[in-house]
Amino acid sequence: MKLELRLLKVAAAPWKTRWLVLLAMLVSTGLFAQKTITGTVTDETGEPLIGASVLVQGTNVGTVTDLDGSFTIEANEGDVLVISYTGYEPVQLTVGSETVLTVALAEGVTIGEVVVTGYSTQSRRNITGAVTSLDASEIEELPVSNVSQALQGRAAGVTVTQSGAPGTGVSVRIRGYGTIGSNEPLYIVDGIPLSWNGATLDINPNDIESIQILKDASSASIYGARAANGVIIITTKKGSVTGESKLNFNAYYGFQQPTNLPEMLSPQELADVLWEAQKNAGLSPSHPQYGDGPTPVLPNYIIPTGASSADESAYDYLTNPITRANKEGTDWLDEIFDTNPIQSYNLSATGGNENAQYALSAGYFRQDGVVIHTNYERFSLRANSLFRIKDRVRVGENLSVAYSELVGIAGGIMGTGNAISMAFRMPSIIPVYDVGGNFAGTRATGFNNPDNPVAMQVRNKDNKSRGLRILAGGYLEIDILEGLTAKTAFNVNLATTFENKNFSIPNIEAAEPIANATLNQRVDNSLNWTWYNTLQYRTTFADAHNLSVLVGTEAIEDEFTWMSSGRSIFFSNAVAFRQLTAGEGGFVNDGSKAEWSLFSIFGKADYDYKGRYLASVTARRDGSSRFGPDNRYGNFYAFSLGWRISDESFLQDVGFINDLKIRGGWGQTGNQEIGDYTQFSTYSGNINTSAYDINGTNSSVQSGFDLAQFGNPEVKWETTTSVNVGFDARLFNNRLDVVFDWFDRKTTDMLLQVDPPTLAGVANAAFFNVGEMENKGFETALAYYSPRNQDFTYSIGVNFSAYDNEVVALNDSLQVIEGGTFRSFRATRTQQGHPLASYFGYIIDGIFQTQAEVDAHAASPGAAPGRFKIRDVNGDGTIDAQDRTFIGSPHPDFTYGASINLGYKGFDLSIFLQGVQGNELFNANKYFQDFVQTFQNSQKAKTILQSWGYPGVDNANAKLPQINQNAPDIELAPSTFYLEDGSYLRVKNVTLGYTLDENALANIGLQNLRLYLQATNLLTITDYSGIDPEVGLATYYDGGADVGGIGVDRGQYPVVKTFTFGLSATF
């Protein structure tokens, strides 16, 4: 693989050489002199606007107005100055012979007028692609650990699904699912690429200035092979040029609560259900704890088994355990869920002048999860600076350092073996502790095998993952000639999880105890560097034609190493002894290293005629070490056009239209997420799969060399072709903004690991190009703003998006892809002509009420009154696997968000709603909670009391089939029984704030002070019976791509309700 990496570096060298030669030639011609521009920015009444932005378009050269609305900036003739202020119409002025400017801004509603669109900036007014912007005010007060969480519901076409677990990633999908493999968007933070949203955990939300989401290919194709799933560009705060230094302090503290926990059976109810199950199976009811009488009798003790009394003085945890029965019932969900705090504190300093600017910050964040003994803690530092040298040279740097500690939930975020799932299954008659104060559990006879969830969490509380991430970048910009700027930037992303321990303590109270303590420890190190060079030329000619041309190169190299070790049998379980050297047995060591590299050439040209006719063209060529020699390079092109129709004469007299722009584009992007060596068949030593007693000792073996991965040198780029048509409108005296986009996104040569034939051997599967997928949809956003400069102000915003997903084609060798695994079943199927990961199973048409119904129906295993009536889909008179069919879809009909913002003098109130409509969820928890035959004798939900034939139940309206210990297994298989409407409307955020009067603050040295109360996830309206309807992927929290598990609820960590009090102060 080293050879492949070096070949790419050699291929890159001539382009770098050409770049340096070109730079030298241009510099040798001399530097063009700039001029100093001064001016004043006011509103329409002549009042100065303080802090208005003045930016040289396409550069990082900018300033803000002072207390008098005045500014000074260096610019060349022909440069375009973009002057903007939040809530006002931006103005663009071409620098001519004038050196003194007076600018009056009209009221408007544009936020983020100048946006980062890839290696440069562009006026939002002239963007012809699909780009959504968010600014700092929308996210900095939200109580989130991951900035990606703040995107939920705030950007049309962006779907965010999250967990309430502290310190976890989220699922972000831009315009639906585009492929069977990785659907993660590319993240760019101050020019530094992050390939997984979990990395944004290390970004302090208070450091963010703005977020741009590039949704279509015409805007994202500048990033080529990494942009198929969209691009999210995060820009952090920079210094100011006013000469004034500011100190800002932001903090909030609050608490979190779990919501909608299901109600489980009491001890007597569970015993009665077990009796009913045996009676209906034709058995004489009996149980080691409840006896064998006509009705179950709860014992006083469960250890000794079913005892009415016990000598508690003889208790010994190891040899003579004694556990009292909790006849009132242990609420296991209440035991592991609790109200816990969340807090954040941030201190920042900004300042500078025209020659140097700086922004420094330090932050602390801690979230204690609602599941006991789960938490996430982060310490962060940031330093951004910019220096101007002789007006033509600019040098800057961005540095971020984050240290974090994470204690997760025992058993994983979502899974049938985690503490939440165990709380569902643990019988309530078992107490948390036995009579000696030690943990009680299912070693008490007759309660199946769940673990004590409280014990799981207590024993897991010292299993910490400690990590450090450093994002560092530096850049140099030179104005070579009038309108010609060269830039070089080098960025480093260094991440290490230097301690990730998992110490398992023997749980002798369990039915299936761990015999010995074990320690597994892992270290991960990742180093990614990026070097890009650009040359940008901007000019205006004939006072009407504006042209910007950008060309550049980019080189990326990534290296990842990991090491793990395991030990067992420890002298003590104390934290101090949880070291590898303390383990006496179970010696296991492992580790590996992986590398990849990418070299790219790209270019972009933007043109407009008087801002009326707009055009943009992008081209990029990527070479990736992940592909074989014949398919190593990929070309990605895009173009877009825009027409500001409101500037045409035939619309000049239409008074309610202030601005109307029609735009459309076409483009291609790529996906290279296939692992680092998929082109090669690789081999490794593995004593478990390739070992032999070659010396004939009968006591030891020698490790061999065995196939580790099947290779495919013919695998090629996955390509997404996107068409986007839309319009941007500003209406009714700039009060109403309307944005609409229609898109068609088609992915060809989808990449997927395909299992080889069994006879080929055991190894990781190779990647193949397997088919096509298409997403079609639309999205719209509307915002209405009241007039400014009055005591009462308000704004209303709504966004709405919908998409249709279809697998257009799969290769002949891969007709069906199954996923959504729970127990031995697969809940979803991906197949040509259907949406990705559609639910697949039996259709339940109710419950047989009479024997006559049974006789008239197709022959079905175990069919009888009280059993599920399963539809004979193929009409052959027999119910079997051939009657399974597509039964639902996890993809929503539409998603939406709505915001209301009110202000009166110093008071402000904001309400934000977010929702999903029309998707179905597969509630796999019903497998454990609603069927007595699954994990017999374990805990069940109250819904089982609504089973057919249960005393007091109206059989015609029964929700579940008859309770029967020997019920047919076909009733447990995936079916419409598990499907529920996943639609919900959530009051996502409510904030009430008060900003103190500036005159009063001046006396105590404060410029600004705002206090606020906030509620997050205050109310959820849904028909879903699970803990929370926000169900995503089984593994997305850890960066996985289990797209087959979309919407399958296996026992997730729920989203929580949060109440916080915060303040923001500026000195």
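Values computed for the structure shown
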read-out	value
One residue from Ala165, Ala156 being in a loop (DSSP other than H, G, I, E, B), in contact (Cβ under 8 Å) with a residue 60 or more places away in the chain, surrounded by 24 or more Cβ atoms within 10 Å (Cβ to Cβ) and touching an Asp or Glu at 6+ places or on another chain (Cβ under 7 Å)	Ala156
Boolean, Ser284 is of a type outside the set (Asp, Glu), buried (at least 18 other Cβ atoms within 10 Å of the Cβ) and assigned to a loop (DSSP other than H, G, I, E, B)	no
Odd one out for Thr121 among (1) of a type in the set (S, T, N, Q); (2) surrounded by fewer than 22 Cβ atoms within 10 Å (Cβ to Cβ); (3) under 13 Å from the mean Cα position of the chain (by Cα)	(3)
Residue in the range 795-808 that is nearest to Tyr784 (Cα to Cα), counting only those that are surrounded by 15 or more Cβ atoms within 10 Å (Cβ to Cβ) and among the hydrophobic types (A, V, I, L, M, F, W, C)	Ile796
Filtered residue count, the range 869-908, keeping only those that are assigned to a loop (DSSP other than H, G, I, E, B), among the polar types (S, T, N, Q) and surrounded by 17 or more Cβ atoms within 10 Å (Cβ to Cβ)	1
Pairs where the first residue, in the range 246-266, is in contact (Cβ under 8 Å) with a residue 24 or more places away in the chain and the second is aromatic (Phe, Trp, Tyr) and crowded, with 16+ Cβ neighbours inside 10 Å, C-beta under 7 Å, 6+ apart	Gly254/Phe1059; Phe255/Phe1059; Pro258/Phe337; Leu261/Phe337
Single unsatisfied condition, Leu814 versus (1) surrounded by 15 or more Cβ atoms within 10 Å (Cβ to Cβ); (2) at positive phi	(2)
The lone exception for Val932 - which of (1) under 34 Å from the mean Cα position of the chain (by Cα); (2) surrounded by 20 or more Cβ atoms within 10 Å (Cβ to Cβ) it fails	(1)
Residues that are hydroxyl-bearing (Ser, Thr, Tyr) and at pLDDT 85 or above, drawn from the range 67-93	Ser70, Thr72
Output for the range 132-149, where each listed residue is part of a helix (DSSP H, G or I) and more than 22 Å from Glu779 (Cβ to Cβ)	Ala136, Ser137
Residues (of a type in the set (D, E, K, R) and surrounded by fewer than 18 Cβ atoms within 10 Å (Cβ to Cβ)) located in the range 607-664	Lys610, Arg612, Arg621, Asp630, Asp647, Glu648, Asp653
Hits in the range 516-544 - residues which are out of contact with any Phe, Trp or Tyr (no Cβ under 7 Å at 6 or more places or on another chain), among the aliphatic types (A, V, I, L, M) and free of Cβ contacts under 8 Å to residues at least 60 places away in the same chain	Leu527, Ala542
Among residues of the range 124-140, those that are buried (at least 24 other Cβ atoms within 10 Å of the Cβ) and touching a Gly at 6+ places or on another chain (Cβ under 7 Å), counted	3
Test: residue in the range 184-197 that is closer than 30 Å to Gln933 by Cβ and part of a loop (DSSP other than H, G, I, E, B)	no
Conditions (1) closer than 30 Å to Phe636 by Cβ; (2) of a type in the set (D, E, K, R); (3) buried (at least 16 other Cβ atoms within 10 Å of the Cβ); number of the one not met by Lys593	(3)
Failed item in (1) surrounded by 21 or more Cβ atoms within 10 Å (Cβ to Cβ); (2) over 16 Å from Phe337 (Cα atoms); (3) not basic (Lys, Arg), with Tyr433 passing the rest	(1)
Residues that are buried (at least 17 other Cβ atoms within 10 Å of the Cβ) and touching a residue at least 40 places away in the same chain (Cβ under 8 Å), drawn from the range 43-59	Asp43, Leu49, Ala52, Ser53, Leu55, Gln57, Gly58, Thr59
The range 719-759, residues that are at pLDDT below 90, in a strand (DSSP E or B) and not aliphatic (A, V, I, L, M)	Gln753
Only one of Leu476, Leu471, Leu406, Leu386 that is touching a strand residue (DSSP E or B) at 6+ places or on another chain (Cβ under 8 Å) and either in a loop (DSSP other than H, G, I, E, B) or surrounded by fewer than 21 Cβ atoms within 10 Å (Cβ to Cβ) (or both)	Leu476
Of the criteria (1) outside any loop (DSSP other than H, G, I, E, B); (2) surrounded by 15 or more Cβ atoms within 10 Å (Cβ to Cβ), which one Leu1019 fails	(2)
Residue in the range 515-531 that is in contact with a helix residue (DSSP H, G or I) (Cβ under 6 Å, 6 or more places away or on another chain) and part of a loop (DSSP other than H, G, I, E, B) present	no
Residue within the range 698-715 that is within 30 Å of Leu214 (Cβ to Cβ), of a type outside the set (S, T, N, Q), assigned to a loop (DSSP other than H, G, I, E, B) and modelled with pLDDT of 80 or more present	yes
Test result for Ala763, outside the structural domain of Leu105 (by TED's automatic domain parsing), over 30 Å from Ala106 (Cα atoms) and small (Gly, Ala, Ser)	yes
Restricting the range 981-1030 to residues that are touching a helix residue (DSSP H, G or I) at 6+ places or on another chain (Cβ under 9 Å) and of a type in the set (A, V, I, L, M, F, W, C), the residue that is farthest from Arg1050 (Cα to Cα)	Leu1006
Residue list for the range 939-971, restricted to those being in contact (Cβ under 8 Å) with a residue 60 or more places away in the chain and at positive phi	Gly949
Any chance Ile180 is modelled with pLDDT of 85 or more, surrounded by fewer than 23 Cβ atoms within 10 Å (Cβ to Cβ), of a type outside the set (Phe, Trp, Tyr) and more than 15 Å from the chain's Cα centre (by Cα)	no
Count - residues of the range 927-959 that are touching a strand residue (DSSP E or B) at 6+ places or on another chain (Cβ under 8 Å) and either farther than 24 Å from Leu298 by Cβ or polar (S, T, N, Q) (or both)	11
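Conditions (1) at positive phi; (2) assigned to a loop (DSSP other than H, G, I, E, B); (3) buried (at least 20 other Cβ atoms within 10 Å of the Cβ), marked per residue:
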| position | (1), (2), (3) |
| --- | --- |
| Gln289 | no, yes, yes |
| Leu298 | no, yes, no |
| Ile302 | no, no, yes |
| Thr305 | no, yes, no |
| Ser309 | no, yes, no |
| Leu318 | no, yes, no |
| Glu328 | no, yes, no |
| Asp334 | no, no, no |
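The values are calculated or read from the model by the stated rules, or taken from the named source; none is laboratory data. Not measured: the values here are computed from a predicted model. Please note: Cβ atoms are built from the backbone with ideal geometry, for glycine as well, and neighbour counts cover all protein chains shown.
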